[in-house]
Structures are given as C-alpha cells and as structure tokens.
Amino acid sequence: MNYKILHLFHTHGTPLHIDLILSETDVPRSSLYRQVKKLIEAGLIETVGKGMYAPGWLADEISRVKRDSLDPLIKASLPIMQEINKDSGESVNLTVVNGTKVRVLAHFESMHNLKFSFVEGQILDIFKGASSKVLLANLEEKHRQFLIEYNLTPEEGKALNQEIEHIRKAGYSITNSEVDDNAIGISVPILSGGKYILGGLSIAGPAFRIKEDNINTYIEKLKEGAIDIALHLE
C-alpha cells in the first residue's frame, strides 16, 4: 500500500490532501494514518500543512541521485545521436522512464523544415509512441504490469501486452500516427548487459519521408548506436 501512496504523487502532483489519498487508496482512515506516519518517519513524505503531504527529504535525495546518474548516459549518447541525426536528417531522441511517464533526456532537431519537435525535459505518455513503448516493453516485469494494471482496462492491457511481446522479440518499436498525425517513430532500447533498460534511442519524422525502403536502415543505425552507448557505459 505504501507504494500506491507514493504513486499518487506522480498521478496527481504535489501536495496531496489526506482525503484524496483516502479516496484513491480505499483503506480505513486509521490504517492510512499509520501508513502515512511510517512514510514520514522514513523521510519519504512530509507534512506541509493541515492534512497536506509532499515528497520528503529522502525522496528528494533519491531524485537527485537519479538525475546525477543520468549524466554518463547523456554524455555517451550525444555524439552517437548527432551522427544518426546527420545521416538520417530526422529528429533523434534519448528517452528514459520517469515514474509513470517518459522523459526526453536529449534531442537533436530534424534538419528539414517539416519536422516533429521535441524539447529536452518534455514528458511523454508511457503508453503511446515508439519511444515510450520500447521502454515499457523492457521494464522489469512487475514494474510494467503494475503500470498497465493501474492505468489501463483489462482489454487495453491485454492488447498492449501482445504488442509488447512483439517489441521484445523484434528488438525495436515502430509506430505511425500514435502521438502526432502522419508521424512515424522508430525506437530501440539501450540495455545494460543486454537486460537492464537504461533508455531509448529514437528517430521521428513524417511518414512521407520515413518510408519502407529506409525504415530497416534506420532500425539498424539505432541498434548499432544503442550497443555503442551501452559499451561506453560499461
């Protein structure tokens, strides 16, 4: 249950009122207060007003450590992203899982006038688009299923799990018009030791430029780039 309380800070923002936590967790008030007290004692949340709570000092420290840990990934990725951007002429993105969402960590803009722009720090839906789905597909199983079961209907979850299985087998994700109309996204996972997901490397552009005859080339460029990034980080 403690995990669900912390999860609410991602889905609803901060601070949270005790009544909202109560309605979302559906547990007796007395039990909820005991759990909140334990989280406060652990430094994971803190009181910021009467019945109001926000992430605590330990949660902030964990967040800082995570931000610092991403610096090597960015440094290793930038020259490879630049090369892919130069070769393809399309937008190239580095993305990571950010709680229940996906965050754009680094971005190279398309060289063409017509393009699909991203912004560093931009937050994306974890269930839509190639750059998000490739991360979701490679998350640890329990983490992935928690996100799916908590946010989607059983029917939506079943369909997504089938798509995820295909992504894992293929080693890449490709989507068309899922986030923007007539936009194609191609993404591959950056894996540590071939298993642990570090991030996603993606190309995005309009469908009239990313055609059948160059999709396979882009997939191979991305896969080679992802392997090089992972090797730099070993």
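So here's what we get for this one:
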item: Among the residues listed as Val119, Val104, Val65, Val134, the single one being modelled with pLDDT under 90 and more than 30 Å from Ile40 (Cβ to Cβ); result: Val119
item: Condition check for Ser110: outside any loop (DSSP other than H, G, I, E, B) and of a type in the set (Gly, Ala, Ser); result: no
item: Selection within the stretch 130-150 - among the polar types (S, T, N, Q) and within 26 Å of Val92 (Cβ to Cβ); result: Ser131, Ser132, Asn138
item: Filter result (under 14 Å from Ala226 (Cβ atoms) and within 18 Å of the chain's Cα centre (by Cα)) within the stretch 82-104; result: Val92, Asn93, Leu94, Thr95, Val96
item: Cβ-Cβ under 9 Å pairs, at least 6 apart or on other chains, the stretch 69-91 side in contact (Cβ under 8 Å) with a residue 24 or more places away in the chain and under 14 Å from Leu201 (Cα atoms), far side surrounded by fewer than 16 Cβ atoms within 10 Å (Cβ to Cβ) and of a type in the set (A, V, I, L, M); result: Leu73/Leu233; Ala76/Leu231; Ala76/Leu233; Asn85/Met111; Ser88/Met111; Glu90/Met111
item: Any hit, the stretch 147-161, residues being without any contact (Cβ under 8 Å) to a residue 12 or more places away in the chain and either surrounded by 15 or more Cβ atoms within 10 Å (Cβ to Cβ) or not assigned by TED's automatic domain parsing to the domain that holds Ala130 (or both); result: yes
item: Residue that is modelled with the lowest pLDDT, among those in the stretch 1-56 that are of a type in the set (Lys, Arg) and exposed (fewer than 14 other Cβ atoms within 10 Å of the Cβ); result: Lys50
item: Sole residue being within 20 Å of Asn216 (Cα to Cα) and either outside any helix (DSSP H, G or I) or of a type outside the set (A, V, I, L, M, F, W, C) (or both), chosen from Ser187, Ser117; result: Ser187
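The values are calculated or read from the model by the stated rules, or taken from the named source; none is laboratory data. The model shown is predicted, which means the values in this text are computed figures rather than measured ones. Every residue, glycine among them, receives a Cβ derived from its backbone with ideal geometry; neighbour counts consider all protein chains shown.
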